[in-house]
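Below is one structure, written out as structure tokens, with a few remarks after it.
The values are calculated or read from the model by the stated rules, or taken from the named source; none is laboratory data. Because the structure is a prediction, the values reported are computed rather than measured. Positions of Cβ are generated from backbone atoms using ideal geometry, with glycine treated the same way; all protein chains shown enter the neighbour counts. The accessibility values were calculated without ligands, DNA or RNA, using every heavy atom of the protein model including side chains. Shrake-Rupley method; radii C 1.70, N 1.55, O 1.52, S 1.80 Å.
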Amino acid sequence: MDITLTQTTNRQWVGLVEEYLQKSEPIINVHRDDTRKFDAIFIGGGAGGRFGSGYLRAMGGRQLIVDRWPFLGGSCPHQACVPHHLFSEAARELDLMRWFSGKLWFPDATNLRASILEVVRLFKSGRSSAHAFMNWQSKEQLDLEYILNASATVIDEHTVEVVGERFQADNLVLGVGAAPLHPDIAGIDLHGVYDYSAFIEELDFEPQRCVVIGGSKTGIEYGSFFQAAGCPTAIVTRKPLMRTSSLHHVDEDLRTFVVDGMKKRGMQIIEGHEPVEIKGDSDGHVRAVVIRDMRTGEEQTLACDFAFIATGERPRSEHFRKVLGVAVGEKGEILVDRHMRTSVPHVYAIGDLIGPPMEMFKARRSGVTAARNIMGEDCVLDWTNYPDFLHSTYEISWVGLSENEARERYDNVVIIQMPPKGVPWGDVPLPCAEGTMLYAMMYPELSGFLKAVIDGDSRKVLGFHHVGYGAKDAFQYLDHLLRQPQGITIDEMGSMNELFLNPEHFIQLCRLRAGSPHLRDL
Ligand code: FAD
Ligand code: COM
């Protein structure tokens, strides 16, 4: 279908995306009457390809996106961030219902069982509206050219083939993302074993007992949802939870609050163990996961009917390595410099394809960085420091140094913390704000945690850490303030205007200490 000259509404796009998800015909939006050569062809129209394309077009360049799915936006709206946030919101709601079961206006939740299958189906029935918006915005508002529902085959560094037609460009931008990585163990193909992608596309029964294999963010997030839904869940992880290599700057007190919180909610957390085998019954359905203690070698069997694989992802670099000869790292990531240039001239790579952190900010910003360089700017991206977050039943956000990291680098570290150090969590219903007010009144130990790490000599803040709800947004701006060349001091924090009860209490707590020439913990 060629839609280049057709104005398609969001509503029409919903129907089209759903129709084209079932068939292989391409959706073509290419300005055939434009005689200019493409400045870049973006292979993959996920967050990286779409934002790179948008920026390049805004700068006056000509681009083409090719994506094998019938929509733009990639894995985020289809299988990743958007369902993740739906599941985490469900987990938070369900958690509240369990704690307040039979109290106030809450119904008795003793036997509460939420259907995981129903929430997955809810997501699948709603996700096309996000897809539709991506297609509509990209065409009608951003003036992007694209071919969807068609795989791109690279011929050389200037040529791409799509459904038998060859397109030429000055540059290629590779942004095909990453695929879930599976442990090489027996039973991985049994019915009842799902990764984040198959979980959305293929779940066809109601899980009763779950083993999450892998302690990744997805493992913590989805595992917390399964447990909150009433499906008893164990997480098996080689490294301590939240101490995997993909997470940096995790503060130990914050980690303790989160992991203890997961245990309090009944989750089984088995660290220092690796999976050995997934066992099935005679119908080929999962019945147990066998795991091994990495220290003693001792094995144990965890009964379950649902195994969720959360052992990370691998960049989809193989085709480009073979055809273009781009240099690739040990974990399959395409190696790029800070301009997003690969080892092959005129070929850029972006997003999850270039390895961790596999996060939206990096996908989008690396796409934009490639675009700006292609359009003649000298533009670099450094993602060594960035704000981070994940969900348990809480929203957990952090940026900058953890307390331990700060103590290794600075002599005079000052901590502002809530609940304060040495005070049992249950003794103080703080911090509390959006989403934790009810907990503060009835279960003070559940109302959250916060910490600011400060260099007492320069008075600069080194890190912020928060568990609660509603503060994630602030961390984007706190990250910016921390990364300014001059940083931000406790005094400047104290002179901000808080919107009390602010989800994180950093401003007023900093103000309480800012008057003192010699900073002390709070
Ligand atoms: P993708 O979005 O994966 O896009 C790649 C595109 O390439 C796809 O559209 C695919 O169809 C296309 N493609 C592949 N092969 C071809 C081919 N041969 N020809 C044409 N097209 C092709 N990050 C956050 O910041 N916040 C979150 O809350 C968050 N939640 C997540 C939850 C989960 C469960 C997961 C797995 C990830 C999550 N992420 C989150 C990470 C985030 O989703 C990724 O970092 C981001 O989507 C990567 O964007 P990308 O453009 O690199 O790749
Ligand atoms: C968001 C997808 S779900 S994109 O980053 O706007 O393309």
Accessible surface of region 228-274 [probe 1.4 Å, protein heavy atoms]: carbon and sulfur percent: 49
Label-point gap, in nm, between residue 5 and residue 428 - each point 7 angstrom along Cα→Cβ: 7.0
Rounded to 10°, Cα long-axis angle of helix 47-58 versus longest principal axis of the chain: 60
Cα gyration tensor shape of the chain, rounded if a/c is under 1.5, else prolate or oblate by comparing a/b with b/c: oblate
Cβ crowding within 10 Å averaged over residues, with 35-45, 17-27, 498-508 ranked highest first: 35-45, 498-508, 17-27
Share antiparallel - DSSP beta bridges, the chain, percent rounded to 5: 60
Length gained when the stretch residue 483-residue 81 is fully extended (0.36 nm per residue, less Cα-Cα span): 142.2 nm
Helix axis angle, 116-136 relative to the chain longest principal axis, alpha carbon, degrees: 50
With all protein chains modelled, accessible area of residue 142 [1.4 Å, Å²]: 70
Built amide H within the under 5 Å cut-off of residue 521, gap 5+: 415
Cut-off under 5 Å, modelled amide H: who pairs with residue 328 long-range: 335
Label-point separation in nm, residue 151 to residue 301, each point 7 Å along Cα→Cβ: 4.0
Degrees between helix 472-483 axis and first principal axis of the chain (Cα, 0 to 90, nearest 10): 80
Three-way shape label, region 121-208, alpha-carbon gyration tensor, a/c 1.5: oblate
Taking region 388-431 and dividing mean pair separation by its residue count, relative contact order in percent (alpha carbons under 8 Å, at least six apart): 21
Radius 14 Å from Cβ of residue 426, net charge of other residues (Lys, Arg +1; Asp, Glu -1): -2
FRET efficiency estimate (nearest 0.05) - Cβ-Cβ, residue 168 to residue 243, R0 45 angstrom: 0.40
Estimated FRET transfer efficiency when R0 is 25 angstrom, pair residue 293-residue 330 (beta carbons, to 0.05): 0.40
Residue 256-residue 343 pseudo-label distance in nm [points 7 Å out on the Cα-to-Cβ vector]: 4.6
Chymotrypsin sites (Phe, Trp or Tyr not before Pro) lying in DSSP loop within region 82-147, provided at most 10 other Cβ fall within 10 Å: 105
Rounded, prolate or oblate (a/c below 1.5 giving rounded, otherwise prolate when a/b exceeds b/c) for region 217-257 by Cα gyration tensor: prolate
For residue 314, distant residues with modelled amide H under 5 Å away: 179, 181
Stretchable slack from residue 185 to residue 319, in nm (0.36 nm times residue separation minus alpha-carbon distance): 45.7 nm
Derived scalar couplings ³J(HN,Hα) [region 351-366; Karplus, 6.51 cos²θ - 1.76 cosθ + 1.60; whole Hz; x for Gly, Pro]: x, 4, 4, 9, x, x, x, 8, 9, 5, 4, 6, 4, 5, 6, 5
